[in-house]
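For reference, the structure is listed below as structure tokens.
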Amino acid sequence: MEKLAKTKQILQKSIALSAYIRFLNSIDVIDVTGGWKKLDPLEEALLNKLFLMTTIQNEPILVGDLISISTLGSQATLHGRVKS
């Protein structure tokens, strides 16, 4: 039973890593093709954190969860970036 749980956990991490790599490739394609405005480093950090949080938590992330990440900036700055 424990081996099955570990196998499931490894599979979930593998799926998450694959999705994350696709996410990073998508950002590169968008930047190259000029489809959207270029993301600044803070916006990229927020997107990365959002992806990692949703992968780990497996539940919706609230705006309050993102703007409480004080290592990336003040709440006002983060709220502005999330809004844009």
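Structural remarks
- Remark: pairs (first residue in region 1-22, in a helix (DSSP H, G or I); second residue at pLDDT 75 or above and not aromatic (Phe, Trp, Tyr); Cβ separation under 9 Å; 6+ apart in sequence or on different chains) = Ala16/Leu52; Tyr20/Asn48; Tyr20/Leu52.
- Scanning region 37-81 for residues that are β-branched (Val, Ile, Thr) and either surrounded by 14 or more Cβ atoms within 10 Å (Cβ to Cβ) or outside any helix (DSSP H, G or I) (or both) turns up Thr54, Thr55, Ile61, Ile67, Ile69, Thr71.
The values are calculated or read from the model by the stated rules, or taken from the named source; none is laboratory data. All of these numbers come straight from a predicted model, not from anything done at the bench. Note that each Cβ is placed from the backbone with ideal geometry, even for glycine, and that neighbours are counted across all protein chains shown.
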